[in-house]
Amino acid sequence: MSVKTDKLLSILKLQPVVPVLVIDDVATAVPLARALVAGGLRAIEITLRTPAALEAISAVANEVEGAVAGAGTILNAAQFEAAIEAGSQFIVSPGTTQELIDVAKDHDAPLLPGAATASEVMGLREEGYEVMKFFPAEQAGGAAYLKSLSSPLAGTFFCPTGGISLSNARDYLSLPNVICVGGSWVAPKDLVAKGDWAGITKLAAEAFALKG
């Protein structure tokens, strides 16, 4: 697991914010990803919440220089396999099942498994996972809750996602057990719909500036 952990950390440490995207129209995937990369956000999570998601992952993986395409909202082994086939370099799940843990063992792409309680974290630690997604972050207790886990569950690191914005991202990023955060605010639907890629690059640059 250490090799996969190192691979996952190398991806998550590229930037303080991982864009979490819901792409409805595959035609927007490449220009959107290019705009995010131009702002410094290279690792991009495309969620499997729309019919266009897998094609979007493939387009970003093959056409956007500098992008590290990942798949999110992976719920089962079939989706995991499909995301890998599409070109995903990392996989993100909102929670964790034994089915996901088992299929992850068969692939080189690392899994960022979801956890929201101390018991879930401990279970994932038993499986060899040291890096997890804390979801849904704000609704599950926010930065204060995550801070309370840092001492009893030392050595576990998180990418909190859910309800995070530019206004509260630093609350999480200042914690010793947080590597980065996930957020959708860097690619708002209205800017995507208008094709305002410069506006998205500006938001991405603001998010990247949270680093350090």
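Side notes on the structure shown:
- Inter-residue pairs, beta-carbon under 9 Å, first without any contact (Cβ under 8 Å) to a residue 40 or more places away in the chain and in region 59-72, second crowded, with 19+ Cβ neighbours inside 10 Å and among the aromatic types (Phe, Trp, Tyr), 6+ apart: Ala69/Phe90; Ala71/Phe80; Ala71/Phe90
- For the criterion of being surrounded by 15 or more Cβ atoms within 10 Å (Cβ to Cβ) and either under 19 Å from Pro160 (Cα atoms) or out of contact with any Asp or Glu (no Cβ under 7 Å at 6 or more places or on another chain) (or both), Ala118 fails.
- Just one of the listed residues (Ala43, Ala27, Ala33) is hydrophobic (A, V, I, L, M, F, W, C) and free of Cβ contacts under 8 Å to residues at least 24 places away in the same chain, and it is Ala27.
- Test: Gly95 is more than 15 Å from the chain's Cα centre (by Cα) and either of a type outside the set (S, T, N, Q) or within 24 Å of Ala38 (Cα to Cα) (or both): no
- Of the set (1) closer than 15 Å to Ala33 by Cβ; (2) touching a strand residue (DSSP E or B) at 6+ places or on another chain (Cβ under 6 Å), all apply to Ala198 but (2).
Residues checked against (1) more than 17 Å from the chain's Cα centre (by Cα); (2) open to solvent by less than 70 Å² (accessible area, probe 1.4 Å):
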| site | (1), (2) |
| --- | --- |
| Tyr129 | no, yes |
| Ala140 | yes, yes |
| Ala169 | no, yes |
| Pro176 | yes, no |
| Ile179 | no, yes |
| Val186 | no, yes |
| Asp196 | yes, yes |
| Gly199 | yes, yes |
| Glu206 | yes, no |
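The values are calculated or read from the model by the stated rules, or taken from the named source; none is laboratory data. Note that the structure is a prediction, hence the values are computed from the model and not measured. As a convention, Cβ positions derive from the backbone with ideal geometry for all residues, glycine included, and neighbour counts pool all protein chains shown. Side chains included, ligands, DNA and RNA excluded: accessible areas come from the protein's heavy atoms. Shrake-Rupley method; radii C 1.70, N 1.55, O 1.52, S 1.80 Å.
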